[in-house]
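The values are calculated or read from the model by the stated rules, or taken from the named source; none is laboratory data. Since the structure is predicted, the reported quantities are computational estimates derived from the model, not experimental observations. Cβ sites come from the backbone with ideal geometry, for glycine too, and all protein chains shown count toward neighbours.
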Amino acid sequence: MADSPFPLELLRVLRPQLPDMLRVLRRFVASESPSFEKAAADRCCSVIAKEWRRSGTHVERIPQKRRGDHLRIIFAPNQPRAAGQLLVLGHYDTVYSTGTLKEMPFRISAGKAYGPGIFDMKAGIVQALFALQALQRTRVRAKKQIVFLWTSDEEIGSESSRKLVETEARCSDAVFVLEPSFGPRGLVKTARKGVGEAQLIVQGRASHAGLAPEEGINAVHELATQLTRIEKWNDIRRGISINADIVEGGTRTNVIADRARAVLDLRALRASDMRSVESRLHALRPVHRGAKLKITGGFDRPPLEHKICAALFERARSLAKQMNLSLGECTAGGGSDGNFSGALGIPTLDGLGAVGDGAHSDHEYIVVNTMPARAALLAALLTSS
């Protein structure tokens, strides 16, 4: 890509906007939005929608019965016909219950801004808003229609929003995900593991542990044998991990356990490995005579593979270089809605949001002075894609 003055121009426009960015961010963070609390999430949705309407975009609120409403925001360039579509993707729900603000209020200290959901990922939504406004204020023009999609249930699996995300992604030439970046250098995420959950349930037969142990079938013993087998499937180098993180079984110490279960966390970097793990799980057979196995669940979020992100990352790195910024990449163990668009084969770049740390913790924060540059990078990507 040839050097262009546009990235620097965007950065010059955005740097003086930092105080305004922080004012909007304070409003977003102060409006708590737990994934499981629809009324609170809807109030936050209204706050976000109000800010975006001020930018002159078309804001569509998509009602939900059990979760917060989703927001679909459309910006069309000043052309007779937009030559394609770009999708900017993120979520406004957080893992924090209503009332968390009392213990961890929005505050700025030593160049960092703190608050529930500020890093994951309300600052990303603010950066996207100001990226759009920068395009409106400069001679830089987007060639394609831009859809900003802010959903309400990403933190709990995207059950109500997945279809919407996939529908918009299929209409798009590229997807930019405003999830937080990684580490102090603000690495973008060019690969994410697929994520899932499975249950391994064992049915045995109860018996008196002292009087007739030979008549029982110990479900706990069977489960332990199966988990030992499954543990050997882990391959850290390939990015495959299967972990039994909830295990339970039995009723009393003098009764042979007739039931046991384990809940497995599943992760894989490749779609082929995801399918292999699921196949191996469902091929398990009992070791102890008379025991019965039941396997449920599996992967519910496919991996975002590096090959889907590579070209967009190189473009982003080139644009960042024109702003005298260094941009790196990483692989993330967790999933995002970008996994869905990537699995459809749509070029997807994730982790374009805030620089900070402490997601889902009581010290979640962003680095304040990085916000204009991250917004400028997104704006440059939207004009060059």
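What to note about this one:
- If only residues of region 216-244 that are in contact with a His (Cβ under 8 Å, 6 or more places away or on another chain) and part of a helix (DSSP H, G or I) are counted, the one that is farthest from Gly298 (Cα to Cα) is His221.
- The single residue among Ala311, Ala354 that is assigned by TED's automatic domain parsing to the domain that holds Ser158, modelled with pLDDT of 95 or more and in a helix (DSSP H, G or I) turns out to be Ala311.
- Filter pass, Ser55 being small (Gly, Ala, Ser), surrounded by 22 or more Cβ atoms within 10 Å (Cβ to Cβ) and either touching a strand residue (DSSP E or B) at 6+ places or on another chain (Cβ under 9 Å) or not assigned by TED's automatic domain parsing to the domain that holds Arg170 (or both): no
- Restricting attention to region 105-142 and to residues that are modelled with pLDDT of 95 or more and part of a loop (DSSP other than H, G, I, E, B), the residue that is farthest from Ser181 (Cα to Cα) turns out to be Pro105.
- Filter pass, Lys102 being surrounded by fewer than 16 Cβ atoms within 10 Å (Cβ to Cβ), basic (Lys, Arg) and outside any helix (DSSP H, G or I): no
- Among the residues of region 329-385, those identified as under 25 Å from Asp173 (Cβ atoms), crowded, with 24+ Cβ neighbours inside 10 Å and of a type in the set (Asp, Glu) are Asp337, Asp350.
- Of all residues making up region 2-52, the number that are touching a Cys at 6+ places or on another chain (Cβ under 8 Å) and either part of a helix (DSSP H, G or I) or surrounded by fewer than 16 Cβ atoms within 10 Å (Cβ to Cβ) (or both): 1
- Hey, Thr296 in a strand (DSSP E or B), touching a Phe, Trp or Tyr at 6+ places or on another chain (Cβ under 7 Å) and among the hydroxyl-bearing types (Ser, Thr, Tyr) or not: no
- When the criteria are applied in full, Ile201 meets the requirement of being touching a residue at least 24 places away in the same chain (Cβ under 8 Å), outside the structural domain of Ala311 (by TED's automatic domain parsing) and among the hydrophobic types (A, V, I, L, M, F, W, C).
- For Ala82, the conditions (1) surrounded by 15 or more Cβ atoms within 10 Å (Cβ to Cβ); (2) at pLDDT 95 or above; (3) farther than 22 Å from Leu14 by Cβ all hold with the exception of (2).
- Contacts under 6 angstrom Cβ, first residue in region 152-163 being within 20 Å of Pro116 (Cβ to Cβ), partner of a type in the set (Val, Ile, Thr) and in a loop (DSSP other than H, G, I, E, B), 6 or more apart: Glu155/Val95
- Members of region 271-285 found to be among the hydroxyl-bearing types (Ser, Thr, Tyr) and loosely packed, with under 13 Cβ neighbours inside 10 Å, listed by number: Ser272, Ser279
- Residue within region 347-358 that is out of contact with any Phe, Trp or Tyr (no Cβ under 6 Å at 6 or more places or on another chain) and more than 30 Å from Ile108 (Cβ to Cβ) present: yes
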